[in-house]
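Q: The structure is given below, and queries will be raised subsequently.
The values are calculated or read from the model by the stated rules, or taken from the named source; none is laboratory data. What you see is a predicted model; the values in this text were computed from it and never measured. Quick reminder, even Gly has a Cβ in these numbers, built from the backbone with ideal geometry, and neighbours come from all protein chains shown.
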Amino acid sequence: MKFIDPHVHMTSRTTDDYEAMSKAGIVALIEPAFWLGQPRTEVGSFKDYYSSIVGWEPFRSSQFGIKHYCTIGLNSKEANNVPLAEKVMELLPLYALKDNVVAIGEIGYDDQTEAEDRFFRAQIELAKEVGLPIMIHTPHRDKKKGTLKSMDVLEEHGMDPKMVVIDHNNEETAKEVLDRGYWAAFTIYPRTKMGSERMVEVVKTYGSERIIVDSSADWGVSDPLAVPKTAKLMLENGISKEDVHLTTYKNALTAYSQSGNMKESDWDSGVSYDQSVLYGGNSVLRGQDPKKGSSSDIIEN
Ligand SMILES: [Zn+2]
């Protein structure tokens, strides 16, 4: 089976992760713009980060046969540094129009402050202006309230729910998100309550329509193989191959292809890779022999 991980922060992951993801059948991924753990103090840091997720990281991913897309946005946490956030907002339109950008995101609420609200609304307007879908980060604290508020605000701005993926759902939020017509994404964190086992139950309860599985793997304890692992567990638990395909591949493609920048033909006949190719004079190798091939040669399952 082929998989898409539609939420994974590869900047913080290793080449071993890329290799393992490719072997497990991940053909495409989406890297949402987010915070970096260490709060940024200069607008230039944002600029270089956005440049990296539209430039260097797609190159690195291509070296392992995986098609890389990203989302561009000002995350809710750093929206609270208002003078800096204002400068970041000026940068966003320049990056939102790059080739591999499939959404404005991940945006929404963290502590649900006034500043977060202000920059969330401004970015909804930006998404409408550039015709991109939106990826919503729902808060870890007060999740239910933050999720409902995100949807209320999106609707106030006239955003079509079909153009919005609400991420980091749980059983408390899933029903309302689906009932209101949004895509509902679920992040599978290892050794937490929202693990693969619980995802199996979600699909058993709600089916596969508009449900998306992702890893949100970053620099924290997380698993870049969460999507293929969850798919395996779903199959073992009697969920149909079609439902697994929808939740771990097709739904993410349908949602984000609305950007016009993501299409199956980008990887369908395999993403060819050539590790002798350089980016700005640099490669991912450290004296190893360059490998060449196509991701279609790697996929074993
Ligand atoms: Zn994220």
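Q: Filter region 1-20 for residues that are within 16 Å of the ligand (Cβ to nearest atom) and either free of Cβ contacts under 8 Å to residues at least 24 places away in the same chain or not β-branched (Val, Ile, Thr) (or both) and give the result.
A: Within region 1-20, Asp5, Pro6, His7, His9, Met10, Ser12, Arg13, Asp17 qualify.
Q: If you scan region 157-171, which residues turn out to be at pLDDT 95 or above and away from the ligand (no atom under 16 Å from the Cβ)?
A: Hits for region 157-171 are His157, Gly158, Met159, Asp160, Pro161, Lys162, Met163.
Q: Of the residues that sit in region 21-37 and are surrounded by fewer than 24 Cβ atoms within 10 Å (Cβ to Cβ) and farther than 19 Å from Asn75 by Cβ, which one is farthest from the ligand (Cβ to nearest atom)?
A: Lys23
Q: Also, I was wondering about something else. Answer with yes or no whether Val82 is of a type outside the set (D, E, K, R), in contact with a strand residue (DSSP E or B) (Cβ under 9 Å, 6 or more places away or on another chain) and surrounded by fewer than 24 Cβ atoms within 10 Å (Cβ to Cβ).
A: no
Q: A further question on this structure: Just name the residue that is nearest to the chain's Cα centre (by Cα) out of those in region 237-272 that are not small (Gly, Ala, Ser) and not in a helix (DSSP H, G or I).
A: The residue in question is Met262.
Q: Name every residue in region 182-225 that is within 16 Å of the ligand (Cβ to nearest atom), of a type in the set (A, V, I, L, M) and under 15 Å from the mean Cα position of the chain (by Cα), in order of residue number.
A: Ala184, Ala185, Ile188, Ile212, Val213, Ala217
Q: Let me ask another. Take region 136-150 and flag every residue that is in a helix (DSSP H, G or I) and either surrounded by 22 or more Cβ atoms within 10 Å (Cβ to Cβ) or within 15 Å of the ligand (Cβ to nearest atom) (or both).
A: Lys143, Gly146, Thr147, Ser150 - these are the residues of region 136-150 that are in a helix (DSSP H, G or I) and either surrounded by 22 or more Cβ atoms within 10 Å (Cβ to Cβ) or within 15 Å of the ligand (Cβ to nearest atom) (or both).
Q: Looking at the structure I just gave you, is Ile188 touching a residue at least 24 places away in the same chain (Cβ under 8 Å), buried (at least 17 other Cβ atoms within 10 Å of the Cβ), touching a strand residue (DSSP E or B) at 6+ places or on another chain (Cβ under 6 Å) and within 23 Å of Ile30 (Cα to Cα)?
A: Here the answer is no, as Ile188 does not meet what is asked.
Q: If you go through region 46-84, how many residues are of a type in the set (A, V, I, L, M) and over 16 Å from the mean Cα position of the chain (by Cα)?
A: 3
Q: Looking at Val101, is it of a type outside the set (Lys, Arg), more than 16 Å from the ligand (Cβ to nearest atom) and either surrounded by 14 or more Cβ atoms within 10 Å (Cβ to Cβ) or under 28 Å from Thr41 (Cβ atoms) (or both)?
A: no
Q: Select from region 85-135 the residues that are more than 15 Å from Gln258 (Cβ to Cβ) and part of a strand (DSSP E or B) and write down the one among them that is farthest from the chain's Cα centre (by Cα).
A: Gly108
Q: State which residue pairs qualify: first residue within 21 Å of Glu31 (Cβ to Cβ) and inside region 149-174, second residue of a type in the set (Phe, Trp, Tyr) and within 16 Å of the ligand (Cβ to nearest atom) in any location, beta carbons under 6 Å apart, and separation of 6 or more residues or different chains.
A: Sorted first by the residue in region 149-174, then by its partner, the pairs are Val165/Trp183; Asn169/Phe186.
Q: Quick one: in region 172-200, of everything that is more than 27 Å from Leu154 (Cβ to Cβ) and charged (D, E, K, R), which residue is modelled with the highest pLDDT?
A: The selected residue is Glu197.
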